[in-house]
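The values are calculated or read from the model by the stated rules, or taken from the named source; none is laboratory data. None of these values were measured; they are calculated from a predicted model. Neighbour counts run over all protein chains shown; Cβ positions are idealised from the backbone, glycine included.
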Amino acid sequence: MNKRTIIGLAMLLFVITLSGCDSGSAGNAVVNPTSTTGVSIGTPVSSPAASASMPTASSGSGKLTVYAAASLKDSFTKIGKDFKASSGNDIEFNFAGSQQLVTQLQSGAQADLLVTADLPTMLTAITASLVTKDIEQELATNNLVVILPPQNPANIQSLKDLANPGVKIDLAADTVPVGKYAQQALTRLSAESGYGSDFKAKVNANVISREDNVKAVVAKVQLGEADAGIVYSTDAIAAQSGPTANMPVKTITIPANDNPLAVYYIAKLNGASNPIAADVFIKYAIQGAGRDTLASFGFGHPRSMYEP
């Protein structure tokens, strides 16, 4: 065997050896344990709760601005802290009546997400091209309750007493979701035997103020400036155990048949500055750990027919 042949065989053997090393490394590759979407390797991608409950900064960094209905203040403040701890995203909230939020956005305010306490207000945002049609999703549900100051100066013992002359009632304005729901409840009660067809009119005649958001109604009743108010059940719960627990309220239940279901909607805004993080937050709130947080504050889950 001459020298040239020996050199050729040596080069061929070297190439074969390199090829074998490549095929072996592909079968034993070291994979980054966390994907760029925050789903751990080994976790089925088809499990939305797992991916939504563990967002990471790689899912979208920077500040996230959320415009949310006032009744979500306590629950979303907790969700925001938890989301930041797990994702690294700073969150800035603006809580107000749903109709106020849409008006602010129409006037040029910038945000990434909008959460409303009813569908009509979200549809207003869609009509104004703030939100793309059909991307809104159900976030949670709620219902109504009548609240009274602890001293109950008007001696209100039942729903019927709301129509008594001289009772001072505070409601949210009819343009506010909770105000709309309250009027729906009064309409249904007026159709019930024992209340009288004029029940709604008598209650509205006793209204001394109409507020821009539900938190204002709660405050008026807590301070004794009104004898009764109609609010979300979650706000009554918050008054018993939240930051204002030193000013608790009494409650009167509205029967289920007369109690309209309040449905909250969440959507990413067109022109969001942080769209990736916005998508992750939506999943976190609907399917991830945020869902359990909302439940702990008294909110119901999205209706099953509308769950993602």
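Structure above, values below:
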quantity	calculated
So TYR284, is it among the hydroxyl-bearing types (Ser, Thr, Tyr) and not in a helix (DSSP H, G or I)	no
Options VAL214, VAL221: the member that is outside the structural domain of PHE93 (by TED's automatic domain parsing), buried (at least 20 other Cβ atoms within 10 Å of the Cβ), of a type in the set (A, V, I, L, M) and over 20 Å from THR116 (Cβ atoms)	VAL221
Cβ pairs under 8 Å, 6+ apart, first in the stretch 110-133 and touching a residue at least 40 places away in the same chain (Cβ under 8 Å) and surrounded by fewer than 24 Cβ atoms within 10 Å (Cβ to Cβ), second aromatic (Phe, Trp, Tyr) and in a helix (DSSP H, G or I)	ASP118/TYR181
From ASP82, ASP74, residue being charged (D, E, K, R), more than 26 Å from LYS180 (Cα to Cα) and either assigned to a helix (DSSP H, G or I) or not assigned by TED's automatic domain parsing to the domain that holds ALA289 (or both)	ASP82
Sole residue being buried (at least 19 other Cβ atoms within 10 Å of the Cβ) and free of Cβ contacts under 8 Å to residues at least 60 places away in the same chain, chosen from LEU186, LEU269	LEU186
